[in-house]
Amino acid sequence: MSQKFTTIEMLQALDLRKPIGSFFTSFFPVSNTHIAEILQLEIKKGKRTMAPFVAPRVGGKVMKRSGSTTKLLQTPKIAPERPMTIDDISKKGFGESIYSNKSPEERAVELLGRDMTELEEAIQRRKEWMAREIILTGAISVQDAEEGVDVEIDFNFTNKTTLVSEALWSAATSNPIEDLATWRRAVIKATGKAPTVCIMANDVYQAFKVHPKVNQERQLLTSSTVKIEPRIVDPSLTFLGRLMELDLDIYSYDEWFVDDEGVEQPMLPNGKLILLPESVGSFEYGSVTQLEGEDFMTYEAEIVPQVFVDIRNNIKTLRLTSRPLPKPDDVDSWYVATVLAED
């Protein structure tokens, strides 16, 4: 990469990087870029409408188009940046030998690469949070108190329930497997497709595996109905087992994030579980327009880098801009349940 750090060169470098894996984001496996900031998105809520009967000599009957709505949505803007000063490139960098003879110019290139990695990871964490919000609530709240931005993007998600009293999985009177079957049927009824993944918060899994009705199911003649065989997929994701009769793979997701108030929060809140298909939707990316020299340039890409300089103060700043929006294909294709009481 040359010392000019041009947008095109940095875009090529970003394209060569492997994506950072995240579990909620993986349910939006398709990425589409657009040449506009405001997107027209079609949101589906399916209905099982049958074709009408008609009299023998009647040509036909009109069927109304239904089951979807179209929304114009402005893609949220994410733009973390990091300055680079003379002090940053004059002193020994992290992990650099005390006997290093690297020049400030060489350190600047290496520091740019590290900064690009960290800013890209920060964008990925925000994308993971956005995917989480869509899956848990069907909506995203875009807020920037300093700039007076407060917008909610709502996809009208309704497949959710909260158990109470004797229905809670902490009670012996409840029936977790029957609950899962009921919620699975609700998704099938609404979409014609069945969820194949169940994500449980850790406390939910602990209640599930010791529940008397679950253990009773495991001890039946068809002992393979419920297979609890934990396996670590990665540090935050554990494959817990398989519920054969419902064709559900069960996972526990132990990941956290620091919210905008500086409070650490679990990605999957305690007491909750989610039933999902392998794919919920796609990530749609709006275009990024930025001033380069004396001209405005527009880029159709997932992440657009930019380096700009403050000659007066000897500061060079790297900024990565992205306009991602997770879009569900069908907001009835997954189910969220709260099965344990909040502490």
Report task. Any residue in region 187-199 that's closer than 16 Å to residue 249 by Cβ and touching a residue at least 12 places away in the same chain (Cβ under 8 Å): show its pairings with residues that are part of a strand (DSSP E or B) and of a type in the set (Gly, Ala, Ser) at Cβ separation under 8 Å, as long as the two are six or more apart or on different chains. Result -> 199/252
Query raised in the report: With region 286-343 as the region, which strands (runs of 3 or more DSSP E) entirely inside it contain at least 1 residues that are hydroxyl-bearing (Ser, Thr, Tyr), in contact with an Asp or Glu (Cβ under 9 Å, 6 or more places away or on another chain) and surrounded by fewer than 22 Cβ atoms within 10 Å (Cβ to Cβ)?
Result: 288-292, 315-321
Query raised in the report: Among the residues of region 213-248, how many are part of a helix (DSSP H, G or I), at pLDDT 70 or above and open to solvent by less than 70 Å² (accessible area, probe 1.4 Å)?
Result: 5
Report task. Return yes when residue 278 is open to solvent by 70 Å² or more (accessible area, probe 1.4 Å) and touching a His at 6+ places or on another chain (Cβ under 8 Å) and no when it is not. Result -> no
Query - strands (runs of 3 or more DSSP E) contained entirely in region 148-200, each with at least 2 residues that are open to solvent by 70 Å² or more (accessible area, probe 1.4 Å) and modelled with pLDDT of 90 or more - result: 160-162
Query raised in the report: Can you find a residue in region 269-282 that is under 26 Å from residue 73 (Cβ atoms) and of a type in the set (Val, Ile, Thr)?
Result: yes
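The values are calculated or read from the model by the stated rules, or taken from the named source; none is laboratory data. In this text, all values refer to a predicted model and were calculated from it rather than measured experimentally. Cβ: placed from backbone, ideal geometry, glycine included. Neighbour counts: every protein chain shown. Heavy atoms of the whole protein, side chains included, go into the accessibility calculation; ligands, DNA and RNA do not. Shrake-Rupley method; radii C 1.70, N 1.55, O 1.52, S 1.80 Å.
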